[in-house]
Amino acid sequence: MRNGPSEFAGRGLAQVFRALKTVRPVRPIHPHGVGLAGTLERHQCPVPSGIAWIGTPGTDAVQARLSRSAGLPPVFPDILGLALRVPAGSGHFDVLLSSTGMSRPGRFLLTARKTASAAAFTTVMPYRGAQGPVLLAARTVAAVPAL
């Protein structure tokens with residue numbers, strides 16, 4: 001079996017995370033963040049995703065964590081992460097998003113930002129739906145606390 005680009009990239013990222021773990025043993029990435037509570041609004045999707053929760057319009061109260069990936073000081077841009085915890089039945093599920101662009105190629109490229117207020121957040125890797133890959137995006141609609 002030949003090593004493809006994704007396997008090569010995965011091995012490279014594993015090495016980076018091992019190195020970071022020596023410097024920050026507890027939380028190598030996203031070391032600091034701010035907890036938030038908010039509302040997630042799901043709108044009618046023009047194309048069926050095959051994921052019932054996504055395909056059903058509605059509103060969910062969510063807990064969120066907004067963080068800077070490398071933990072750089074706020075004067076420097078950093079990749080921003082947005083983790084959403086969505087209640088589901090007696091449990092929950094998590095949706096993880098990163099700051100990216102919103103164009104077709106840009107949504108797969110991590111984008112460093114100084115603040116979350118003007119950032120777009122997407123799932124860099126798609127979720128698997130019954131109808132095929134599902135890509136999610138989020139954007140802010142109000143000012144966000146500084147990180």
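The values are calculated or read from the model by the stated rules, or taken from the named source; none is laboratory data. Just so it is clear, the structure is predicted and the values come from calculations on it, not from any experiment. For neighbour counting, all protein chains shown are included, and Cβ atoms are generated from backbone atoms with ideal geometry for every residue, glycine included. What goes into the accessible areas is simple: the full protein's heavy atoms, side chains included, and nothing from ligands, DNA or RNA. Shrake-Rupley method; radii C 1.70, N 1.55, O 1.52, S 1.80 Å.
Brief remarks follow.
- Most mobile of 105, 31, 77 in a GNM of the chain (Cα contacts under 10 Å): 105
- Within the shell of other residues whose beta carbon sits under 12 angstrom from the beta carbon of residue 82, the net charge comes to +4, with Lys and Arg scored +1 and Asp and Glu -1.
- The stretch 85-147: translational diffusion in µm²/s, Stokes-Einstein, Kirkwood Rh over Cα pairs, 4 °C, 1.567 mPa s: 99
- Charge sum, other residues only, whose C-beta stays under 15 Å from residue 42's C-beta, Lys/Arg counted +1 and Asp/Glu -1: -1
- Linear extension gain, residue 53 paired with residue 139, 0.36 nm per residue minus alpha-carbon span: 29.1 nm
- Taking amide H atoms as placed 1.01 Å from N in the peptide plane, the amide H of residue 78 lies under 5 Å from those of 113, 114, each 5 or more residues away in sequence or on another chain.
- Quarter of Cα convex hull surface for the chain, i.e. mean projection, nm²: 11.1
- Accessible surface, per residue, of the chain when the full set of protein chains is kept, probe 1.4 Å, Å²: 67
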